[in-house]
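The values are calculated or read from the model by the stated rules, or taken from the named source; none is laboratory data. Small disclaimer: the values here were computed from a predicted structure and weren't measured. FYI the Cβ positions are ideal-geometry reconstructions off the backbone, even for glycines, and counts take in every protein chain you see. When the accessible area is computed, the model is the full protein with side chains, heavy atoms only, and any ligands, DNA or RNA have been set aside. Shrake-Rupley method; radii C 1.70, N 1.55, O 1.52, S 1.80 Å.
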Protein chains: 2
Amino acid sequence: MLSYSFANIGSESLYVHLYSCIKNDILKGKIAAGLKLPSKRSFAKNLGISVITVENAYAQLIAEGFIYSIPKKGYFVSDIETVEGKEKIKSAIGDKKAAKYYADLVSNSVLHTLFPFATWAKLLREVILEKSEELMTVPPCSGVLELREAIAEHLYQFKGIRAEPAQIIIGAGTEYLYSLIIKLMGYDKVFAAEEPGYGKISKIYKSSNVVCKHINMDKKGVVPQEIVSSNADVLHISPSHHFPTGTVMPVSRRYELLSWVTGSKYRYIIEDDFDSEFRFSGRAIPPIKELDVMDRVIYMNTFTKSLAPTIRISYMVLPAALAEKYYGELGFYSCTVSNFEQYTLEKFISNGHFENHINRMRRYYKTVRDSFIHAIKNNEALKNAVIEEEDAGLHFTLRVDTDMTDTELKKAFLRNGIRVTCLSDYYVNRENAPKSVIVINYSNLEPEKTDHVVERIADSIKISSKIQ
Amino acid sequence: MLSYSFANIGSESLYVHLYSCIKNDILKGKIAAGLKLPSKRSFAKNLGISVITVENAYAQLIAEGFIYSIPKKGYFVSDIETVEGKEKIKSAIGDKKAAKYYADLVSNSVLHTLFPFATWAKLLREVILEKSEELMTVPPCSGVLELREAIAEHLYQFKGIRAEPAQIIIGAGTEYLYSLIIKLMGYDKVFAAEEPGYGKISKIYKSSNVVCKHINMDKKGVVPQEIVSSNADVLHISPSHHFPTGTVMPVSRRYELLSWVTGSKYRYIIEDDFDSEFRFSGRAIPPIKELDVMDRVIYMNTFTKSLAPTIRISYMVLPAALAEKYYGELGFYSCTVSNFEQYTLEKFISNGHFENHINRMRRYYKTVRDSFIHAIKNNEALKNAVIEEEDAGLHFTLRVDTDMTDTELKKAFLRNGIRVTCLSDYYVNRENAPKSVIVINYSNLEPEKTDHVVERIADSIKISSKIQ
């Protein structure tokens, strides 16, 4: 039996109140279409109101189409159209239907078995016990000082980058930091991204109403002449390990870009160093920021790759001049990351857990990568496939021998339960894109699946022609 | 004695390595200016390298000005200019000097004793134990479904707002959500904010390169005629409890605004309901969103006020048409809130803790407010002061009787250890602003201090003329 309270209804009449309660429950789907409502008499008795009140409320609901009556049977809830509207929005975002794949080689999700839950929970508990006052104190716009100090120390130790904590700005993901950079640079500036590249970067610039050009890459990275002719002011690149090609920019090209950036006082480079932690062999090439004596490079990195994609903490190092401008002009923006997680991450870094975690992840992913590549090389059907990678990052590319278009290729993979993207997906100008190159992101792959995944990859490809 | 490792230095020569190590430590401030460096001989012995290596490194450092030698005395660290640069950035943001007040009646920080740390910690622990897989899974752009469902239920129960979880967008603070709304509406739209108002709102619009007009308020809220003549497309208001005036918009004005918004299909209202939880007496006026049958109101609320300013979780309810546009055009933006906190908040709301917390906070703040107002009314020196408030929110205004300008007034308060703002601070056009009206935000005030604070307030004001 439906039950509603008639206390505190103010000046509203009883029947209007009852009518609203029932209407809301119908609209909300709490009372399903087709359901029989209580009889007027029993409802009135139950609610302690008069039968006439229930009658008036039912009459109003009938008039508005929320319920209907069948003589001798009673009152029933209508199948209202809002239900349709609801389903429409729901299906638009797929809240209901999260597709499942045998292997998702696109997602940046991380296997939950890799996250150091016990350590994280322990540190969180410590933070809550020790820092109740700090946890409730609004931090500077750039974030909690202790975390910025820990990051400064980490940057110096592991990347050779010297940065004052005041130059480090913490934000809820690099996407948020890009939007801060746009505000800092000005909406009249021309931004430039890599072609091919991580599609989100140019989408973010465009959705923020600034011009974003695309600079073609050669084997060394973005082509300097093209940067010049694009009239770009701000160049956004990932020199340590480009996604998706895997290109590592040699030092000579880095100097060429530094030479470009110092050619005008309005130019800046954004060095997006998102997965440089995952270098499996050889010495890491120092970041451009380390060579940046003129202080014109914004260095950016994120813990979403190295720790978890669902802990939204990223940071950037602003050149001193931009840092001053940031505090002066944008300092009113609140830091977007929770204090709880900032203090926990500070402990995680300062106590050496972050370094251990990275080392463990690196070893783990090296094993996955090695067994993946080993399985590909030992698969007869893939003997003409070409692996391109640079001993780094959490992805590699695989050029396969097929007549299928990239769209057909992806469909063939999907039929085998494998979700992949192709290199051509990362080009704005698809006509120039190499065909038949699959991008394999293994950050989310259970290691015991590699052999099966490679078999399914081989099975998906119709062997028909030699590789060009 | 300085100590450096010479393992893994690759192809770098020993002296270059030593030189870099020392240089970096000087630049980083680890070796202070004026410090005497070890003698070449003892340093060489200690590091297990030859004296000539140390000599070469020192020579290079001298050549570059990082160190200097005093004959017969030794080598000393120079006072390098970068130190100056560092201090400049540091002081720009006040990382070093967080001012302390006897009472800060401006800050939105919350007393740490009010936050339910034990419950929050317990729920966090449960989430970590139960949801390790979900915690590592990237949620939809709008946030974790379970949290959006809990918010939908809460909105229905406490505000009478019906919203599908798909219409609810979770973001790291309302400031972030404003920027999403701008992208959704378009950069060509004219936004309008209240005059007076929370200064950040117009700052955010302006820093995002969109036009922001200011609409004067009368006793009922923003003046409809002024909205029309401003050519605004999007009106940003806080009808439940305006900051800083405390105005609660009557229903008649709400209908006037709804009439305006339906006058063109490009118009929208942003209903910023940031502190409506804190209504101490009387019935809360329903949000405009509840009256919004044409689905043209974006309802927005935040847990930064009701829970903690340092847990960055806010949400908005998008009209169905805007929700579809959002998923279609901006769905590539990642949700900015950590999964850990989204799942914890979901439990906090669903298990009834949020409701209990709000009730406890409301009772607590009512006590603070009552004792504050009681002390003012009983202070002889403040007998002409006028309190304006609407039994709601976490602030009230106090019109005082003084010849001082507002700037002098704030200085006089500061000398007594009290930080306040004046009503005039919230006007873009300060000439129109009422003078001598102090805005008192007591969200951060220890209750045992109220009497002393009122004494200090009285003491700060030179009584010189009757209130106009």
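Residues checked against (1) in the same structural domain as A:S142 (by TED's automatic domain parsing); (2) of a type in the set (V, I, T); (3) free of Cβ contacts under 8 Å to residues at least 60 places away in the same chain; (4) closer than 22 Å to A:E146 by Cα:
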| position | (1), (2), (3), (4) |
| --- | --- |
| A:I285 | yes, yes, yes, no |
| A:M294 | yes, no, yes, no |
| A:I298 | yes, yes, no, yes |
| A:P319 | yes, no, no, yes |
| A:L322 | yes, no, no, yes |
| A:Y326 | yes, no, no, yes |
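I'd like the residue in the range B:246-293 that is open to solvent by 30 Å² or more (accessible area, probe 1.4 Å) and among the hydrophobic types (A, V, I, L, M, F, W, C) and, out of all such residues, is nearest to the chain's Cα centre (by Cα). Among them, the one singled out is B:F274.
For the range A:321-344, check the following and say yes or no: at least one residue is more than 12 Å from chain B (Cβ to nearest Cβ), over 28 Å from B:N8 (Cα atoms) and either open to solvent by 30 Å² or more (accessible area, probe 1.4 Å) or touching a strand residue (DSSP E or B) at 6+ places or on another chain (Cβ under 9 Å) (or both).
Taking every residue of the range A:321-344 in turn, none turns out to be more than 12 Å from chain B (Cβ to nearest Cβ), over 28 Å from B:N8 (Cα atoms) and either open to solvent by 30 Å² or more (accessible area, probe 1.4 Å) or touching a strand residue (DSSP E or B) at 6+ places or on another chain (Cβ under 9 Å) (or both).
When you look at B:T113, is it part of a loop (DSSP other than H, G, I, E, B) and either free of Cβ contacts under 8 Å to residues at least 12 places away in the same chain or surrounded by 17 or more Cβ atoms within 10 Å (Cβ to Cβ) (or both), yes or no? No.
Within the range A:141-152, restricting attention to residues that are of a type outside the set (G, A, S) and over 11 Å from A:F354 (Cβ atoms), the residue that is most open to solvent (accessible area, probe 1.4 Å) is A:E149. For the range B:274-319, the candidate set comprises residues that are in a strand (DSSP E or B) and out of contact with any helix residue (DSSP H, G or I) (no Cβ under 7 Å at 6 or more places or on another chain); within that set, the residue that is farthest from the other protein chains (Cβ to nearest Cβ) is B:N301.
Only one of the numbered conditions (1) closer than 24 Å to A:Y333 by Cβ; (2) of a type in the set (A, V, I, L, M, F, W, C); (3) over 21 Å from the mean Cα position of the chain (by Cα) is not met by A:A172, and that is (3).
Of the residues making up the range B:308-320, those that are buried (at least 22 other Cβ atoms within 10 Å of the Cβ) and not small (G, A, S) are B:P309, B:T310, B:I311, B:R312, B:I313, B:Y315, B:M316, B:V317, B:L318.
Which count do you get for residues in the range B:391-411 that are under 26 Å from the mean Cα position of the chain (by Cα) and more than 28 Å from B:D275 (Cβ to Cβ)?
Final tally of qualifying residues: 1.
Return the residue satisfying two criteria in turn: it lies in the range A:161-214 and is facing another protein chain (nearest Cβ under 8 Å) and more than 30 Å from B:S314 (Cα to Cα), and of such residues it is modelled with the highest pLDDT. Per the stated criteria, the residue is A:E164. Being open to solvent by 40 Å² or more (accessible area, probe 1.4 Å) and hydrophobic (A, V, I, L, M, F, W, C) is the requirement here; does A:F158 meet it? Yes; evaluated as a whole, the condition is true for this residue. Within the range A:165-206, the set of residues being without any contact (Cβ under 8 Å) to a residue 24 or more places away in the chain and surrounded by 20 or more Cβ atoms within 10 Å (Cβ to Cβ) comprises A:P165 only.
Can you tell me which residue among A:K100, A:K36 is surrounded by fewer than 15 Cβ atoms within 10 Å (Cβ to Cβ), basic (K, R) and modelled with pLDDT of 80 or more?
After applying the criteria, what remains is A:K36.
Residues of the range B:17-39 that are within 14 Å of another protein chain (Cβ to nearest Cβ) and without any contact (Cβ under 8 Å) to a residue 40 or more places away in the chain: B:H17, B:S20, B:C21, B:N24, B:D25, B:K28, B:K30.
Quick one: in the range B:294-307, of everything that is of a type outside the set (S, T, N, Q) and within 16 Å of B:I170 (Cα to Cα), which residue is most open to solvent (accessible area, probe 1.4 Å)? It comes out as B:K305. Taking the residues in the range A:121-159 that are facing another protein chain (nearest Cβ under 7 Å) and in contact with a Pro (Cβ under 7 Å, 6 or more places away or on another chain) as candidates, determine which candidate is farthest from A:E346 (Cα to Cα). Checked the range A:121-159; the qualifying residue farthest from A:E346 (Cα to Cα) is A:V138.
Quick check: anything in the range B:40-48 away from chain A (no Cβ under 14 Å), touching a Pro at 6+ places or on another chain (Cβ under 8 Å) and in a helix (DSSP H, G or I)? Even if it seems obvious, please write down each step before you answer.
The initial filter retains those residues of the range B:40-48 that are away from chain A (no Cβ under 14 Å), namely B:40-48.
Subsequent filtering for residues that are touching a Pro at 6+ places or on another chain (Cβ under 8 Å) retains B:46.
Subset that is in a helix (DSSP H, G or I): B:46.
Among the residues of the range B:40-48, at least one is away from chain A (no Cβ under 14 Å), touching a Pro at 6+ places or on another chain (Cβ under 8 Å) and in a helix (DSSP H, G or I), which makes the answer yes.
If I filter the range B:122-134 down to residues being surrounded by fewer than 18 Cβ atoms within 10 Å (Cβ to Cβ) and not charged (D, E, K, R), which single residue comes out as farthest from A:L129 (Cα to Cα)?
Ranking the qualifying residues of the range B:122-134, first place goes to B:S132.
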